[in-house]
Structure formats: structure tokens, C-alpha cells
Amino acid sequence: MARHGKPGRTFLICSLLCIAVAAAVLIYPLYVIRPFRPQAPRGLMAALAILRYRPWVMIVCFLGSLAAAIWYWGRETRVLRRVGAAIAVIAVAAMAVLSRVNVYEMMFHPFDRPSFSSADRSKLNGDEKVIAIGIGREARAYPIRIISYHHVINDLVDGVPIVATY
């Protein structure tokens, strides 16, 4: 049985607040800064500000949820409710760890073995943008739609190693 009034309600409010803030600072930048879609200036500025302060916000959320759980454990004797408090702390900790992972960097990998065809056999449409390079007797064109996914293309042009990036 609980002592000192209604610790469950106080704990629930504190925990839900910590979870909501941690989830918001984790998800909002991921939503706004998605590749291959335009970003509104205000939304991008907000996402970048969140990224800047997110480590500190996550630390505060974790410590807040931990303090609330410790406080709650001292007032609650039921095991399932104590387990629920521990799960809330673990959820905030998991979001804090996930906030340190840049999922978009995991998506993009350098393209190390590009293949080429002659201009008359290429599948590019006439309006497609490319990055072009000519060294010696060789010329290459890298479509922006490919580079924007990989970000980096490692290549050898006329014996010279190059990196095309966008």
C-alpha cells in the first residue's frame, strides 16, 4: 500500500513528462532533417537547435526519470508498479542512447565501384543534373540522384584516384 498521499500520480506525471520530452527531442530532428525532401527554414533551424542541446536535454530527462523512480520506489511497495517505474527509466535511457546515433549516416555508404556506359547508351534523361570531371583522355559524369544517396563516390579517372561528393 502506498504511503504519503498519491505518489503514483506524481510519479506518472514526472515520468510521462520525461518520456515525452525525450521522445520529442529524439524524433523531431529525424522527422525534419530527412534526406531527399525539402526542409522549411524555421523547421530546420528548430531541428538544428534541438540537435545542439539534445545531449543536455537527454541527461536532464534521464536524471529526472531516475530521481522520480527512486522517489516512487521509496513510497510504493507493489512489485509491478516498481517494475513499471524501472521500465520508464529504461525507456528514457534507451531514447538517450538512440539520440547519439545518426541513422542517416548509417544509410549512406561510399560508392566504391561505379560502372559507366557511353553517353549515347546512358539511361539519363536530358534534364538530369550531373557532376562531370575530365582528366587526361577520360571523362565521367556522376548523376546527382546517385551521389545524393551515397554522398561519396570513389573512382579512378585516367589513373588518378578521385572522390566525387555532393
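The values are calculated or read from the model by the stated rules, or taken from the named source; none is laboratory data. Being a predicted model, the structure only gives us computed values, none of them experimental. So basically every Cβ, Gly included, is an ideal-geometry build from the backbone, and we count neighbours across all protein chains shown.
Once segment 34-62 is narrowed to residues that are assigned to a helix (DSSP H, G or I) and of a type in the set (Lys, Arg), the residue that is nearest to ALA22 (Cα to Cα) is ARG54. Would you be able to say whether some residue in segment 146-159 is under 30 Å from VAL21 (Cβ atoms) and of a type in the set (Val, Ile, Thr)? So far as segment 146-159 goes, no, none of its residues is under 30 Å from VAL21 (Cβ atoms) and of a type in the set (Val, Ile, Thr). In the condition set (1) aromatic (Phe, Trp, Tyr); (2) at pLDDT below 85; (3) more than 29 Å from the chain's Cα centre (by Cα), TRP71 is compliant with all but (2). Considering (1) surrounded by 14 or more Cβ atoms within 10 Å (Cβ to Cβ); (2) modelled with pLDDT under 75; (3) in a helix (DSSP H, G or I); (4) of a type outside the set (Ser, Thr, Tyr), the lone condition that PRO114 does not fulfil carries the number (3). Looking across segment 132-162 at every residue that is without any contact (Cβ under 8 Å) to a residue 40 or more places away in the chain and of a type in the set (Val, Ile, Thr), the one that is farthest from VAL103 (Cα to Cα) is identified as ILE135.
Of the residues making up segment 63-99, those that are in a helix (DSSP H, G or I) and crowded, with 20+ Cβ neighbours inside 10 Å number 10.
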